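The values are calculated or read from the model by the stated rules, or taken from the named source; none is laboratory data. For clarity, every value in this text was computed on a predicted model and none was experimentally measured. A quick note on method: Cβ atoms are made from the backbone with ideal geometry, for glycine too, and the neighbour counts reach across all protein chains shown. Side chains included, ligands, DNA and RNA excluded: accessible areas come from the protein's heavy atoms. Shrake-Rupley method; radii C 1.70, N 1.55, O 1.52, S 1.80 Å.
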Amino acid sequence: MNNKLENKVVVVTGASKGIGAGIAKQMGASGAKVVVNYASSKESADAVVAEIISSGGNAVAIQGDMSKQEEVKRLFEETVNFFGGLDVLVNNAGVYGFSLLESFTEDSYRRIFDLNVLGVLLTSQEAVKIFGENGGSIINISSFAGTRPEPYSVVYAASKGAVDSITYALSQELGA
């Protein structure tokens, strides 16, 4: 096992399946204490935690919708209560939707932008409050759709373009 992240506390949002689960498992394999965040799939999150623990790692599943400020705050409060701090935030939680422009709705826009964009801002804001004097790392998962959108992906692509811009802006604001 590669222990590059030994005793580092890592929150991975949207970690109950897919890319997030893979990131959480790799962080655990690298020695990190991992918070496996999930919105609705407790069973899947618990399975990720079990796999990390069975491989010798340390992990906990914490529920929270990253598009809701109070749930974001609770996620980070529980992280600190459980592991004592925070070193790395991986903003992976996201949703996608593809449709013709004529089919797009205000509700679908808000669902995508609230999680993909607002969620990144809310989680980053809370993480920065917890990082110690040595700082921490924020990793934002985006998509090629932010710079090379496919047909029918206008809202999703715009949200990922926003994530790219947020990442660039925060790297300048917080980089030091």
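Some notes on this structure:
- From the list Ser16, Ser30, the one residue that fits, being without any contact (Cβ under 8 Å) to a residue 60 or more places away in the chain, under 23 Å from Gly135 (Cβ atoms) and open to solvent by less than 20 Å² (accessible area, probe 1.4 Å), is Ser30.
- Count - residues of the stretch 34-60 that are under 22 Å from Ala127 (Cβ atoms), of a type outside the set (A, V, I, L, M) and surrounded by fewer than 24 Cβ atoms within 10 Å (Cβ to Cβ): 2
- Residues that are at pLDDT below 95, closer than 18 Å to Ile166 by Cβ, surrounded by 15 or more Cβ atoms within 10 Å (Cβ to Cβ) and of a type in the set (A, V, I, L, M, F, W, C) are absent from the stretch 68-78 altogether.
- Single residue of the stretch 137-152 satisfying the filter (out of contact with any strand residue (DSSP E or B) (no Cβ under 7 Å at 6 or more places or on another chain) and not in a helix (DSSP H, G or I)) that is modelled with the highest pLDDT: Ser142
- In summary, helices (runs of 4 or more DSSP H) completely within the stretch 26-136 and bearing 2 or more residues that are closer than 15 Å to Ser159 by Cβ occur at 106-113, 119-130.
- Scan of the stretch 96-119 for residues that are open to solvent by less than 70 Å² (accessible area, probe 1.4 Å) and either among the aromatic types (Phe, Trp, Tyr) or in contact (Cβ under 8 Å) with a residue 24 or more places away in the chain (or both), ordered by number: Gly97, Ser99, Ser108, Ile112, Phe113, Asp114, Leu115, Asn116, Val117, Leu118, Gly119
- On inspection, Ser124 fails the criterion of being open to solvent by 30 Å² or more (accessible area, probe 1.4 Å) and either closer than 21 Å to Lys17 by Cβ or not hydrophobic (A, V, I, L, M, F, W, C) (or both).
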